[in-house]
Every structure is written in C-alpha cells, then in structure tokens.
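First the structure, in the form of structure tokens, and then the observations on it.
The values are calculated or read from the model by the stated rules, or taken from the named source; none is laboratory data. Here the structure is a predicted model, which means the values were calculated and not measured. When we count neighbours, we look across all protein chains shown, and the Cβ atoms used for this are built from the backbone with ideal geometry, even at glycine.
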C-alpha cells in the first residue's frame, strides 16, 4: 500500500519555491497557513510518547498545527459538519433558484 499524498507534502516539497515565485501575491496569512500546514504533525511542532502497558509498544505522536485551513486537523470536523447539515435536509428534491432582478435597470 502506497502512502497518500497530502497537502502538507506538497507544501514541504514545493512551498518555498511557490512563495518565492508568488512573492508579491501572497499575504502574511497565506504564508503562515502554508507554513502551519507544512509543519503539522512533525517533530518541529513537538509531540509526546504514548506507551502501552500491556504489550510495551511505544508510539510517538506529533502535535498538530490546529490551523482552521489544515485538512489533516480540520478534515474530520468538516465531514462531521457536512453530515449534520445533510441530516437537516428534508426528504424532497432540491433546486437552487437565483433572482436576476438586480440586472434590470430603472428607466
């Protein structure tokens, strides 16, 4: 089984070049978001060691960035929110309607 490619992997591999190429178009928030996602669940954010007293297995769990844009941190929260909204829908077909009155000009 191959490892899944994640947004963090892309930011780690290509983020620095992307930031240089698009220097004039990225704001502080975008740069910080890219950095947070790239560092998420790595040793750079620290972590803790978990151990099983029964079998003696040890696992290092790295801290998350908790950035609201991070798919690793907020992915499950997003899926939970969408599922809750889905549960609120009535069992009828839906259609979206848009008004174009703003296009009409007064004479």
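Residue 95 meets all of the listed conditions (1) without any contact (Cβ under 8 Å) to a residue 12 or more places away in the chain; (2) in contact with a helix residue (DSSP H, G or I) (Cβ under 6 Å, 6 or more places away or on another chain) but one, namely (2).
Candidates 105, 68: the one that is surrounded by 10 or more Cβ atoms within 10 Å (Cβ to Cβ), at pLDDT below 95, in a loop (DSSP other than H, G, I, E, B) and on the phi < 0 side of the Ramachandran plot is 68. Consider segment 1-17 and keep the residues that are assigned to a helix (DSSP H, G or I) and free of Cβ contacts under 8 Å to residues at least 12 places away in the same chain. The one that is nearest to residue 72 (Cα to Cα) is 9.
Taken over segment 18-40, the criterion of being outside any helix (DSSP H, G or I) and closer than 16 Å to residue 63 by Cα is satisfied by 40 alone. Among residues of segment 43-65 being without any contact (Cβ under 8 Å) to a residue 24 or more places away in the chain and assigned to a loop (DSSP other than H, G, I, E, B), the one that is surrounded by the most Cβ atoms within 10 Å (Cβ to Cβ) is 63.
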